[in-house]
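Heads up: the structure comes next, in structure tokens.
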Amino acid sequence: MTRYSQIAGEGRDASDLPVWRSADTLDLAYVGYGLLIVALVLVSYVLGVFNWLPHDPEQIRFDLLNAPPGSAGHLLGTDFLGRDILSRLIVAIQAYFLPGLVAIVISLVVGTTLGALAGYRGGGVEVLVTYFNNLVDSFPRLVLILLVIAAFKADIYYIMIIVGVTGVPVVASLVTGKIAFLRQKHFIEAAHVLGLPSHVIVLKHILWHHCAPLLVIRATIGMGEAILIETSLSYLGFGVQEPMPSWGNMVQAGANYFFQGKFWPSTAPALAILLTILGFHLLGDGLNSILEDRGGK
Amino acid sequence: MNKRIVVVLSILAVVVGTPPVSPAGPKNDGRPDGGTLGYGEYGRPSTLDPITSNEMVSLRITELVFNGLVGIDEKQEIVPELAERWEASKDSRTYTFFLRKDVMWHPKEGEEAKPFTADDVVFTYKIMMHPKTTTPLKVRYEFIESVEKLSDYGVQFTLKRPILNALAKFSFKVIPKHGPSHPLYLTREDPFVRQPIGTGPFVVKTITTDREIVLVANENYFKGRSHINKFISKPFADQNIMTQALMFNAIDMVVLVNPRDIPELQGDKRFVLQPYNALSYAFFGYNLRSPLLADKRVRQAFTYAVNRQEVLDSFFNGQGTLVSGPFAPGSWAYNLDVRPLPFDPQKAVALLRQAGFAPGPDGTLQKDGKKLTLSLKVPIEKESEAVKRVVLAFQNYLKNIGVAVKVEFKEWQAWKESVFQEHDFDIIFASWVFDDSADISSLFHSAEIGAWKNNFGGYSNPEVDGLIVESKLTLDHEKRRTINRKLHAILAEEAPYTFLWTLTNYSGYHKKLRRVAIHPYKFFSFADEWFIPAADQK
């Protein structure tokens, strides 16, 4: 029975309950928290774009170096150059938002294309794609990024292009696997019999109806990864470059003063990283259980 | 004949176990021997010999392992070292050194210790000047015409021309003839550069897998065995934790305390903070090849725009002095009559106006449609937060007068290439460290423009060239001083750099270390006299 409902309903759940009703409370909590973080990120991005900030994030105050939270109107204190930490936290979203999207778009577009080709065509194409995936996977990501930085310069977009490219194999194999799974359900054959052209089958029936949730999940996790990679690079001094703030370079600069008892310049961005990445991952996780498991029910 | 006697004596010394000549052995000055000193270093030296090395980290090690013909004492006076006395000819063109006869080289692995002789001195000079030798020292010793061995313990140097303070130049470290594997030249591939032997108070024992360098006391040191048994150089990849390592007793000494950690150590009774003045200063150097920076009014404006005192006070706790010209303050050549330019942003703006710059639509100054946007390159390895602070503050000051500065952090090697080879930069932030000869010719003489030369900014001024040459040739100290004062005034006015400050360096160490005297440049020159009281030796 299930098989037919898959063909006829194209992804609709067997029960008529809305998605959120049939879901686990914990998953909903995950998704809720994740959405809250996404909303905060979006709001911060907008605030940053229009420069609606409590202070000028690049204003250096020689009289307020590493001032504790609350002093002189600085809610989270100031950093090693007396700059407002809260404003810099908000502006730092700029460092990730577009570059992170670039990384996600690259890995999703290239990954889905390759994955769909491999899964749908099979044979030689699949072998080629598998080789490509193995090739990309065999390079340690951080080393590749450092190579690119050495060859060009420490630019966040270059870094994110590499993050995008190295994210391709995961997406490609997910999509290939999904198609292999769908093939067992015969609706692809049915569509063929009905005379639908290949691109419609691939784009609409396979990708749109069956892979969309998967890709949304990958996108959320990808954003978290982008932030994490930038943070690691900043610790090595190769991430976003001052005076442009990023959470990574804020942690790195602040860590110099941690042992002196001035913990806030590094703790505030570190918490931001923790909570945000947690948010993206929980969102991905929650969506995964809600959207993916439901197909199998 | 003499040589044979010493060899015999030294063999006897090994057999009998007593030193052949009086001072070799314990110092017998009533201070206790023993104990270990672990000191934190800013990285791992690539070579440990005095010829090929060019970093401060190696310099400190070679100071413990080697000796020169003459030394410089705590009062900055020249004292005998490997040479027990010397004579200069009347025309000051020949210097004859009479060497000590009781000096032994550290024994090579599995071999007997060999005596130090005039051959080693001749060998060192020749290897230093050999074209295939990798060394920064060649230019310093081009004034020597020839060297001749008079006897096993006598050596004579003939100079091309008499020079001022010639004697001080003979403090170069002597290496053994039987040391390097190649008899004519020394490169960084020679095993000697990693396992050197010298005559100094400490013997390089091992380099551990953690790249710690272990040095043990030379029992036969000719000035008497050093009090402390063992020195261990411990490299720190993360400079920020060095002071913490000291406070948690992982090391006993930090050679250069990070300025921001000074208050913390000051408040701790277990430690001593000892200032020492290196002849050095920090600066922003300009690329005069850039049409935007060719006008000296622009460079002066930048100097006026930066509140250097504020930076010094806030970031370095005021531990330093502002500098007005090309010589290190504290050097005899420094001209105190030239005052550092005051902080005056209005004046800076006025100067830029005079130079033809006017604010553009976005607030950035421009001239003939060309924006005043400059790149400031900073090496990433030196990217301690102190450097970061200074560079970003500079960027901010210039932003305030309408100049856009793009800060670019570059990997060390790439930075050196773009500054010294490709000259692809507008501004750099760096510092120079000088020895006491106050020689600035390599920095500002026009003959020093070119790939891998020190006049990286391409500064060229016939008057300065003339004065530099004149100062090198004169034999009259007063006259030389006058010339240097003039040079100082001209270069301050021309502003090829924005001269910043010289910092008071502090060494921090555990108070169990006693009688610590520090050489301002070479650091460990007097380390054989340091000691640790018996109760603290552990």
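Can you tell me which residue is modelled with the lowest pLDDT among those in the stretch B:266-279 that are over 24 Å from B:Ser525 (Cα atoms) and not polar (S, T, N, Q)? Steps first, answer last, please.
So in the stretch B:266-279, the residues over 24 Å from B:Ser525 (Cα atoms) come out as B:266-270.
Still in the list and also not polar (S, T, N, Q): B:267-270.
Values: B:Gly267: 85, B:Asp268: 89, B:Lys269: 91, B:Arg270: 93.
So the residue we want is B:Gly267.
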- request: Specify the residue that is farthest from B:Ala168 (Cα to Cα); the eligible residues are those in the stretch B:50-72 that are touching a residue at least 40 places away in the same chain (Cβ under 8 Å) and either part of a strand (DSSP E or B) or of a type in the set (D, E, K, R) (or both).
  value: B:Arg60
- request: Mind listing just one residue for me: the one in the stretch B:351-375 that is in contact (Cβ under 8 Å) with a residue 24 or more places away in the chain and assigned to a helix (DSSP H, G or I) and, of those, nearest to B:Leu398 (Cα to Cα)?
  value: B:Leu352
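Keeping to the stretch B:161-205, report how many residues are within 30 Å of B:Thr474 (Cα to Cα), of a type outside the set (A, V, I, L, M) and under 22 Å from the mean Cα position of the chain (by Cα). Full working, then the answer.
Step one: filter the stretch B:161-205 for residues within 30 Å of B:Thr474 (Cα to Cα), giving B:161-174.
The next check asks that each one be of a type outside the set (A, V, I, L, M); those that pass are B:161-162, B:165, B:169-173.
Retained after the next criterion (residues that are under 22 Å from the mean Cα position of the chain (by Cα)): B:165, B:169-173.
So the count comes out to 6.
Please indicate, with yes or no, whether at least one residue in the stretch B:271-284 is of a type outside the set (Asp, Glu), without any contact (Cβ under 8 Å) to a residue 12 or more places away in the chain and closer than 30 Å to B:Gly34 by Cα. Step through it out loud before you land on a result.
Step one: filter the stretch B:271-284 for residues of a type outside the set (Asp, Glu), giving B:271-284.
Of the ones still in play, those that are also without any contact (Cβ under 8 Å) to a residue 12 or more places away in the chain are none.
Taking every residue of the stretch B:271-284 in turn, none turns out to be of a type outside the set (Asp, Glu), without any contact (Cβ under 8 Å) to a residue 12 or more places away in the chain and closer than 30 Å to B:Gly34 by Cα.
Which of the residues spanning the stretch A:42-82 are assigned to a loop (DSSP other than H, G, I, E, B), without any contact (Cβ under 8 Å) to a residue 40 or more places away in the chain and within 27 Å of A:Gly100 (Cα to Cα)?
First pass over the stretch A:42-82, keeping only residues assigned to a loop (DSSP other than H, G, I, E, B): A:50-61, A:65-70, A:74-77, A:79-82.
Narrowing the set further to residues that are without any contact (Cβ under 8 Å) to a residue 40 or more places away in the chain leaves A:50-56, A:59-61, A:65, A:67, A:70, A:74-75, A:81-82.
Correct list: A:Phe50, A:Asn51, A:Trp52, A:Leu53, A:Pro54, A:His55, A:Asp56, A:Gln59.
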- request: Determine which member of the set B:Asn277, B:Asn317 is within 14 Å of another protein chain (Cβ to nearest Cβ) and farther than 23 Å from B:Val405 by Cβ.
  value: B:Asn317
- request: Kindly indicate the residue of the stretch A:245-256 that is at the interface with another protein chain (Cβ under 10 Å from one of its Cβ atoms) and within 18 Å of A:Leu86 (Cα to Cα) and also surrounded by the fewest Cβ atoms within 10 Å (Cβ to Cβ) among those meeting that condition.
  value: A:Ala255
- request: For residues that are within 14 Å of chain A (Cβ to nearest Cβ) and part of a loop (DSSP other than H, G, I, E, B), tally how many sit in the stretch B:209-255.
  value: 5
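Restricting to the stretch B:119-139, what's the tally of residues that are over 15 Å from B:Phe172 (Cβ atoms) and touching a strand residue (DSSP E or B) at 6+ places or on another chain (Cβ under 8 Å)?
Within the stretch B:119-139, the subset over 15 Å from B:Phe172 (Cβ atoms) is B:119, B:131-132, B:134.
After this cut, where a residue has to be touching a strand residue (DSSP E or B) at 6+ places or on another chain (Cβ under 8 Å) as well, the list is B:119.
Here the count works out to 1.
Of all residues in the stretch B:120-156 being in a strand (DSSP E or B) and among the aliphatic types (A, V, I, L, M), which is surrounded by the fewest Cβ atoms within 10 Å (Cβ to Cβ)?
Looking only at the stretch B:120-156, we keep the residues that are in a strand (DSSP E or B), and these are B:144-151, B:154-156.
If we keep only those that are among the aliphatic types (A, V, I, L, M) too, we end up with B:144, B:147, B:150, B:155.
Working: B:Ile144: 19, B:Val147: 20, B:Leu150: 12, B:Val155: 25.
Looking at the filtered set, the residue picked out is B:Leu150.
Out of B:Phe283, B:Phe315, I need the residue that is of a type in the set (Phe, Trp, Tyr), farther than 24 Å from B:Phe444 by Cβ and out of contact with any His (no Cβ under 7 Å at 6 or more places or on another chain). Which one?
Values: B:Phe283 fails: farther than 24 Å from B:Phe444 by Cβ.
The conditions single out B:Phe315.
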query: Could you count how many residues in the stretch A:87-129 are surrounded by fewer than 17 Cβ atoms within 10 Å (Cβ to Cβ) and modelled with pLDDT under 90?
result: 7
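Limited to the stretch B:382-433, what total is found for residues that are more than 23 Å from A:Ala151 (Cβ to Cβ), in a helix (DSSP H, G or I) and either outside the structural domain of B:Glu448 (by TED's automatic domain parsing) or touching a residue at least 40 places away in the same chain (Cβ under 8 Å) (or both)? So that I can check it myself, show each step before the final result.
At the first step, the residues of the stretch B:382-433 found to be more than 23 Å from A:Ala151 (Cβ to Cβ) are B:384-405, B:427, B:429-433.
Okay, now just the ones that are also in a helix (DSSP H, G or I), so B:385-400.
Of the ones still in play, those that are also either outside the structural domain of B:Glu448 (by TED's automatic domain parsing) or touching a residue at least 40 places away in the same chain (Cβ under 8 Å) (or both) are B:385-387, B:389-390, B:393-394, B:397-398, B:400.
The number of residues fulfilling the criteria is 10.
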field: Of residues in the stretch B:281-314 being within 14 Å of chain A (Cβ to nearest Cβ) and not in a helix (DSSP H, G or I), the one surrounded by the fewest Cβ atoms within 10 Å (Cβ to Cβ)
entry: B:Asn307
- prompt: With respect to B:Ala168, is the statement that it is among the small types (Gly, Ala, Ser), within 23 Å of B:Tyr221 (Cα to Cα) and touching a Lys or Arg at 6+ places or on another chain (Cβ under 8 Å) true?
  reply: no
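Residues of the stretch B:434-462 being of a type in the set (A, V, I, L, M) and either at negative phi or in the same structural domain as B:Tyr141 (by TED's automatic domain parsing) (or both), which ones? Quick ask: steps written out before the conclusion?
First pass over the stretch B:434-462, keeping only residues of a type in the set (A, V, I, L, M): B:438, B:440, B:443, B:447, B:449, B:451.
Result: B:Ile440, B:Leu443, B:Ala447, B:Ile449, B:Ala451.
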Where A:Ala154 falls short, out of the listed (1) part of a loop (DSSP other than H, G, I, E, B); (2) surrounded by 19 or more Cβ atoms within 10 Å (Cβ to Cβ); (3) in contact with a His (Cβ under 8 Å, 6 or more places away or on another chain): (3)
Residue under evaluation A:Lys204, criteria (1) under 26 Å from the mean Cα position of the chain (by Cα); (2) farther than 30 Å from A:Ala92 by Cβ; (3) buried (at least 16 other Cβ atoms within 10 Å of the Cβ), criterion not met: (3)
- line: Restricted to the stretch A:211-242 and to residues being among the hydroxyl-bearing types (Ser, Thr, Tyr) and within 21 Å of A:Gly279 (Cβ to Cβ), the residue nearest to the other protein chains (Cβ to nearest Cβ) is A:Ser234
message: So the check is Cβ under 8 Å with 6+ separation or different chains; which pairs have a first residue in the stretch B:467-493 that's under 20 Å from B:Glu142 (Cα atoms) and a second one that's among the charged types (D, E, K, R) and not in a helix (DSSP H, G or I)?
response: B:Lys472/B:Asp439; B:Leu473/B:Arg161
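Can you go through B:Ser181, B:Ser151 and tell me which one is free of Cβ contacts under 8 Å to residues at least 12 places away in the same chain and in contact with a helix residue (DSSP H, G or I) (Cβ under 7 Å, 6 or more places away or on another chain)? Please lay out each step first, then the result.
Numbers: B:Ser151 fails: free of Cβ contacts under 8 Å to residues at least 12 places away in the same chain.
The unique qualifying residue is B:Ser181.
Among the candidates B:Val433, B:Val387, B:Val407, single out the residue that is crowded, with 19+ Cβ neighbours inside 10 Å and either over 20 Å from the mean Cα position of the chain (by Cα) or away from every other protein chain (no Cβ under 12 Å) (or both). Reasoning before the result, please.
Numbers: B:Val433 fails: crowded, with 19+ Cβ neighbours inside 10 Å; B:Val387 fails: either over 20 Å from the mean Cα position of the chain (by Cα) or away from every other protein chain (no Cβ under 12 Å) (or both).
Every option except B:Val407 fails the conditions.
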- line: Those residues of the stretch B:75-98 that are among the acidic types (Asp, Glu) and out of contact with any strand residue (DSSP E or B) (no Cβ under 8 Å at 6 or more places or on another chain) come to a total of 2
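The values are calculated or read from the model by the stated rules, or taken from the named source; none is laboratory data. Because the structure is a prediction, the values reported are computed rather than measured. Cβ coordinates were reconstructed from backbone atoms using ideal geometry, including for glycine residues, and neighbour counts include every protein chain displayed.
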